[in-house]
Amino acid sequence: MEMPRSPLVYIGIVFLCLCIASSCYLQEWDDVLSLLDDAFPEDYDEDSYSVLEDLYYAKFNVNELSEEDCSKFVFLSDFEKQSLLYYVSHNKPLFSIYELQFVLGLPTEKMKILSQFLYASPTTVRKPLSDLIEEGRHTLALNVSAVNIPKEEYKDFNHYDGGPNKEIFRYRFSSYNDLFWGITMKKDMGETFSKEGFDSRSMYVQIKNRKVLSNLILGDYKISIAQGLTLSQGGGFGSSLEQPGGNQSYVLTKHSSTSEYIFSRGCGMTVKLGKFQVTPFASFRNLDGHISDKSDFPFIISKTGYHRTLSEQASREQFSYTLIGLHLVTDLNRWKVGCAVLRHSFEKDTVSATIANASLFYNYFRRHTRLFGEFATDHDFNIATVNGIQHAICEELTATGVFRYYGKSYQSFMSSAVGRKSSIANETGFDMNLRVVVSPKTTLIVGNDVFYFPAEQSTVKIPTQGNALKVKLSYKTFSGMSAYYQLSYLRQTKSVENGYNMMPKYSHKFYFSRPLTRTLQLKAMAQAVYGNDAVGIMIYEDIVWNPNSQLTISCRTAQFDAPFDNRLYAWEDDVQYIFANSQMFYAGTKTYAVLKWKIAKRFIAQSKIAYTKYTDKYDLPDSYDLYTGTGKIQVNLLLQIEL
């Protein structure tokens, strides 16, 4: 049923559009990245940014927004996505993207970001393939990273075959969000160029929106299913304090990042048949690793993608890996239900193994309430399940609760779901989240995760229990000033000298950002972690200068003092396609400067130079001997041209 508009609503739309138009104007891609980094500084990976960059240059018509399209906005929670779809479907045609201010539960800062990927138009005409190929956008990019160590010294000290340089070459083609292809080639530090060239090579072709063929990918791609209990190869991220509500990802997407492990190679497609969407997929590739003597799974898999030493090279592509699966989903009024079946096969000589999974999943949305969940089993009928509810109690208050149960013997591969562990097994928990909009400028978020590991683990030989509490109070103004304070408290069973005990760990974080002038911005963060009878501290200050749309310069000075067990994390600005969420431990300082220069309309040059100096407060590992004299200097370069 269409929601009627009164004359006052039309007047309100015009008034509010004028009020915020100055902060939602079309911006450069680097400006959009800055908005994302300021709003959600630790939540994204290379795949997420790659998808958003494609959307930035090939925007969606908001009046034709589908659930598949909406799923790519990874900065939105699932509740916000469903609320956005509900508003558009009941009010289209929208006259302006600024009408999205009226979407229930959509914060203003997210609306500003969303406005960079959408436009409002009555209809969109799909172009034939010939026009897509002719009118598409070609991008060539080269990333180079190096450190201040002579090549031979680096090789001899680490016993690597290659020098201290890292090179990545990218070619991308995109056209109207309907046609994509690309090639990625990479050589890591310590690796050498082989006879075939780069150590890692990846390519894909993707075609979308061809009548019943919604999506087709040939080459390298990623598959993610429901809450991630059976398969989750990326293209989204899990539940967090800012984004509660389980895993948030889309089913089938191209693999355009530099990851050498978590992806599929072969073919995947989505076909729309009425209210049904069917996604069959098949993958055939080799994995790094070697045979083990374990009876339940006789392979040890190397996930790093490194081939620097003789042992790493000996484990390269040592066994075959096949993935076959089918994903089916349909809409039933307010319900979205589906199922998936898949089979992983591993083989080397006479040794083989199989992991098979099946799952049922659901999603229900009705204006203020969302229900979601997944029930999964493996080939031995071990169970894993995630179920949750989100409810907007009022416009200023949203509550979320997510229950999970993972059987102690449940098996899956390349999966990732809500939880405290990297593997989906041996865990029960309940995650609660409450978001309160205290005022138009102030938001309070409280999250608490209670968990229990019933079976013993490698470091704790008894059942483990605990809880993780997070509280975040944030303040943002329309003028661009923002600040937040976040408290994190973790208490869980730990191994101590005389047995086991419930050990607490506290973290305090304060962040502040303020534009000093139209071209100059100041950012600062202070963080402290207390636990294990030790304290870790980090402070940094950033200055960002953006005199015009062609040039941006950012600088940071950071001081840190933290033992390894209390290490801290700091998101860093970097050249495009490189995402640095650095671990800070031991004691010292780190300084960097980043230059981003749009030399011409189609040519971009970016560089970063970082200098890290360690003190002698802690006993540093032998691998740090290369840097203890002059400190560590790292340089990252990017050259990019559009054709």
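The values are calculated or read from the model by the stated rules, or taken from the named source; none is laboratory data. Quick caveat: nothing in here was measured; it's all calculated off a predicted structure. Cβ coordinates were reconstructed from backbone atoms using ideal geometry, including for glycine residues, and neighbour counts include every protein chain displayed. Side chains are part of the model used for accessible areas, which takes the heavy atoms of the whole protein and leaves out ligands, DNA and RNA. Shrake-Rupley method; radii C 1.70, N 1.55, O 1.52, S 1.80 Å.
Across the range 58-70, the number of residues qualifying as part of a helix (DSSP H, G or I) and within 22 Å of Gly234 (Cα to Cα) comes to 4. Taking the range 256-269 as the range and being open to solvent by less than 30 Å² (accessible area, probe 1.4 Å) and without any contact (Cβ under 8 Å) to a residue 60 or more places away in the chain as the test, the residues that pass are Tyr261, Ser264, Gly266, Gly268. When Gly190 is tested against (1) under 19 Å from Ile217 (Cα atoms); (2) at pLDDT 90 or above, exactly one condition is not met: (1). For Ala399, the test of being open to solvent by less than 50 Å² (accessible area, probe 1.4 Å), among the small types (Gly, Ala, Ser), in contact (Cβ under 8 Å) with a residue 60 or more places away in the chain and touching a strand residue (DSSP E or B) at 6+ places or on another chain (Cβ under 7 Å) is failed.
Criterion first (within 23 Å of Thr253 (Cβ to Cβ) and open to solvent by 10 Å² or more (accessible area, probe 1.4 Å)) does Tyr98 satisfy it? I'd like the intermediate steps shown before the answer.
Details: within 23 Å of Thr253 (Cβ to Cβ): no; open to solvent by 10 Å² or more (accessible area, probe 1.4 Å): yes.
Here the answer is no, as Tyr98 does not meet what is asked.
Val575 satisfies every condition listed in (1) open to solvent by less than 20 Å² (accessible area, probe 1.4 Å); (2) assigned to a strand (DSSP E or B) except (2). Scanning the range 504-534 for residues that are touching a helix residue (DSSP H, G or I) at 6+ places or on another chain (Cβ under 7 Å) and in a strand (DSSP E or B), we see that the one that is surrounded by the fewest Cβ atoms within 10 Å (Cβ to Cβ) is Ala534.
Residue by residue, here is whether (1) closer than 22 Å to Tyr221 by Cβ; (2) surrounded by 13 or more Cβ atoms within 10 Å (Cβ to Cβ) holds:
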{"position": "Phe276", "(1), (2)": "yes, no"}
{"position": "Ile291", "(1), (2)": "no, yes"}
{"position": "Tyr321", "(1), (2)": "yes, yes"}
{"position": "Arg343", "(1), (2)": "yes, yes"}
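Tell me whether the range 459-470 contains one or more residues that are closer than 27 Å to Gln101 by Cβ, in contact with a Ser or Thr (Cβ under 7 Å, 6 or more places away or on another chain) and open to solvent by 40 Å² or more (accessible area, probe 1.4 Å).
Just the residues of the range 459-470 that are closer than 27 Å to Gln101 by Cβ, to begin with: none.
Within the range 459-470 (the criterion being closer than 27 Å to Gln101 by Cβ, in contact with a Ser or Thr (Cβ under 7 Å, 6 or more places away or on another chain) and open to solvent by 40 Å² or more (accessible area, probe 1.4 Å)), the answer is no, since none of the residues qualifies.
Kindly indicate whether any position in the range 228-241 is closer than 24 Å to Ile355 by Cβ, surrounded by fewer than 20 Cβ atoms within 10 Å (Cβ to Cβ) and of a type outside the set (D, E, K, R). Yes: the range 228-241 contains one or more residues that are closer than 24 Å to Ile355 by Cβ, surrounded by fewer than 20 Cβ atoms within 10 Å (Cβ to Cβ) and of a type outside the set (D, E, K, R). Every residue in the range 546-572 that is small (Gly, Ala, Ser) and either surrounded by fewer than 15 Cβ atoms within 10 Å (Cβ to Cβ) or on the phi > 0 side of the Ramachandran plot (or both), please. Hit for the range 546-572 is Ser549, nothing else.
Taking Arg334 as the residue in question, decide whether it is surrounded by 14 or more Cβ atoms within 10 Å (Cβ to Cβ), among the basic types (Lys, Arg), closer than 27 Å to Val402 by Cβ and without any contact (Cβ under 8 Å) to a residue 40 or more places away in the chain. Yes: the conditions hold for Arg334.
Residue-wise test of (1) at positive phi; (2) touching a Ser or Thr at 6+ places or on another chain (Cβ under 6 Å); (3) assigned to a helix (DSSP H, G or I).
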{"residue": "Ser50", "(1), (2), (3)": "no, yes, yes"}
{"residue": "Lys72", "(1), (2), (3)": "no, no, no"}
{"residue": "Phe79", "(1), (2), (3)": "no, no, yes"}
{"residue": "Val88", "(1), (2), (3)": "no, no, yes"}
{"residue": "Glu99", "(1), (2), (3)": "no, no, yes"}
{"residue": "Ile113", "(1), (2), (3)": "no, no, yes"}
